[in-house]
Amino acid sequence: MTNIPKDELSRYWFMVCNAMPPVGFFLYFKHRKKYPNKARRALTSAMIGLPMALVMDYIINTLLLK
């Protein structure tokens, strides 16, 4: 099952999942059965993107929009 061709998330989608975590969760549920490595990387990127989004939200709201 690990030798499936194209079972790798591209850099573009990795960055998109990191910037917009809901996209990562969607890609995880879309690819979890057929492409498990791609799904795992999308989920990992989304989980990393959540704290980053919260920190950036705090910075923007307190420092820039004050």
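The values are calculated or read from the model by the stated rules, or taken from the named source; none is laboratory data. Nothing here was measured: the structure is a model prediction, and the numbers come from that model. Note: ideal-geometry Cβ built from the backbone for every residue, glycine included; neighbour counts use all protein chains shown. Each accessible area value is taken on the protein alone, full model and side chains, heavy atoms only, with ligands, DNA and RNA left out. Shrake-Rupley method; radii C 1.70, N 1.55, O 1.52, S 1.80 Å.
Springs join every pair of Cα atoms under 10 Å in this Gaussian network model of the chain, and among Met56, Met20, Met47 the largest mean-square fluctuation is at Met56.
GNM remark for the chain: springs join alpha carbons under 10 Å apart, and the peak mean-square fluctuation among Leu43, Leu27, Leu54 falls on Leu54.
Ligands, DNA and RNA left out, the 1.4 Å accessible surface of segment 1-64 is 68% carbon and sulfur atoms. The alpha carbon radius of gyration of segment 27-66, expressed as a multiple of 2.2 N^0.38 Å, is 1.66. Annotation: per residue accessible area for the chain equals 80 Å², rounded to a whole number [probe 1.4 Å, protein chains only].
Remark: the chain carries a charge dipole of roughly 300 debye about the Cα centre, counting +1 on each Lys and Arg Cβ and -1 on each Asp and Glu Cβ.
Could you give the DSSP H helices of the chain that reach 24 angstrom or more along their long axis (alpha carbon positions) and whose average Kyte-Doolittle hydropathy is no lower than -1.0? Qualifying helices: 36-59.
Mean residue ellipticity, 222 nm, helices only, the chain: the sum of -39500 (n - 2.57) across DSSP H runs of n ≥ 4, divided by residue count and rounded to 500, is -21500 deg cm²/dmol.
Rounded to the nearest 0.05, what FRET efficiency do Arg40 and Lys66 have when you use their Cβ-Cβ distance and R0 = 30 Å? Taking R0 as 30 Å, the efficiency between Arg40 and Lys66 is 0.15.
Short-range pairs are left out: with C-alpha atoms under 8 Å and at least six residues apart, the relative contact order of the chain is 34 percent.
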